[in-house]
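A short worksheet on the structure shown next.
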Amino acid sequence: MLELIGTARLITGEFWGVFENPLFWVVLALVALQYRRIAKTRESLFGIRGNSVVRDTLTATLYGIVGGIFGSILLVFTGINLMGLGINYIWPLALFLMLINPRFLCFSYAGGIVALSSLILGIPDVNVPQLMGLIAILHLVESLLIYFSGHVGATPMFMKKPSGRMVGGFTLQKFWPLPIVAVAFLPEVSGFTLLPPMPEWWPVIRFEQGPALSMIGVIIPFVAGLGYGDLALAHTPGEKSKISARNLSVFSLVLLLLSLLASRYRIIEWIAAIFTPLGHEIVILVGQNTEFKGKPIFVPPLRGVRVLEAVPNTAAEAAGLRSGDVVYAVNGIPVNSKRDIEGFIGVGPVFLEIEYIPYTKKKWHRAIVKLRPYQPLGIIAVPEGEEAIYTEFNKQSLISKLIDKFRGIRR
């Protein structure tokens, strides 16, 4: 037990060395650019800003640090050896798969293909159980980040479903810089922290001992980035992030178990390699079907105005309004459309008494807010069928889009 505690302290101590790596700041800048793009999209659609880009980036970084510490401990204690995992093959393949479909930019797909190629052709020579273990742990960390923060800053949207029906919803897009430390066996260890003596049961996920016998184990800090994209049509963003996290964690734990068994029984390597892309695809498809075939939440009620979002830092948020709530009256006057609510915004300061029923509590509420001249209330209502700007669900890949654009130019 003392060995494990000492190793855990060493991991957390070495962890902070990641911030001296210029690549961490490059990844952080890329994350900030993504949040800036999201903010601009939000403002262009609704003319209202949400949280600041700096705040979103700092929040994501804090979550990434916590997730990175958890992931680092798992990687070291399971004995994932960074050498011999074929990372140099996986990254280019993942980028190529992104051209087929952007969501294929994921180690599950590229890693599964590399593992199967190794098993069938012997090229490249990778340790399949260890590679699958790495993918499982990264996805497990991602599931925790999604559970606690996947819904934060969700962007409201109007979507036209394949059936032609207009509904409201949210795009859930999150990006986290992920500082990580893990084990590697190297012929030279200058500048690296030596791996301390480990218990007899280590590594949990076994690797070939032959090459490692002539090498020395070290702890290496490195940087990764995680991203999450989803839609919430039949659930609130908070509900959707928990569902996604649950499904992804089940996939991760099953894959981690298969990795453990595959390190002891060669036949399980095939099952793990096939399950990695297939299981991840099932998680994605189940999540999409849940939203598109489920009963949409963000549609107009029979009476009142349903809130798609109460914009952060506005009077609507201060009044306690949240996604899914239904506003029935303002200053005692019934409202049944967005225009009815906009009519109460005057040229001078005005007090508004808002009567509404929350989505979760189903109990009548009243709130009084004060608006400055021309200050918007901050309610984004669900679409009422006359919206000129909306999103259509399109599964077309980047390659298909480029082909269509090229054909259009030739015409």
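Things worth noting here:
- So S252, is it within 25 Å of R103 (Cα to Cα), crowded, with 20+ Cβ neighbours inside 10 Å and in contact with a Pro (Cβ under 7 Å, 6 or more places away or on another chain): no
- Restricting attention to region 219-241 and to residues that are of a type outside the set (S, T, Y) and either part of a loop (DSSP other than H, G, I, E, B) or not assigned by TED's automatic domain parsing to the domain that holds K174 (or both), the residue that is surrounded by the most Cβ atoms within 10 Å (Cβ to Cβ) turns out to be L233.
- Selection from region 1-42 of residues that are modelled with pLDDT under 80 and acidic (D, E): E3, E14
- Test result for G153, in contact (Cβ under 8 Å) with a residue 40 or more places away in the chain and at positive phi: yes
- Residue among S249, S244 that alone is modelled with pLDDT of 90 or more, within 23 Å of P179 (Cβ to Cβ) and either part of a loop (DSSP other than H, G, I, E, B) or of a type outside the set (A, V, I, L, M) (or both): S249
- Within region 283-296, residues that are within 13 Å of K240 (Cβ to Cβ) reach partners that are modelled with pLDDT of 90 or more and small (G, A, S) with beta carbons closer than 7 Å, at six or more positions or on different chains, in the pairs G287/S244; T290/A234; E291/A232; E291/A234; G294/A234; P296/A234.
- Of the residues A234, A262, A184, the single one that is touching a residue at least 12 places away in the same chain (Cβ under 8 Å), among the hydrophobic types (A, V, I, L, M, F, W, C) and over 17 Å from L75 (Cα atoms) is A234.
The values are calculated or read from the model by the stated rules, or taken from the named source; none is laboratory data. Everything numeric here is computed off the predicted structure, so don't read it as measured data. Glycine also receives a Cβ, built like all others from the backbone with ideal geometry; neighbour counts cover every protein chain displayed.
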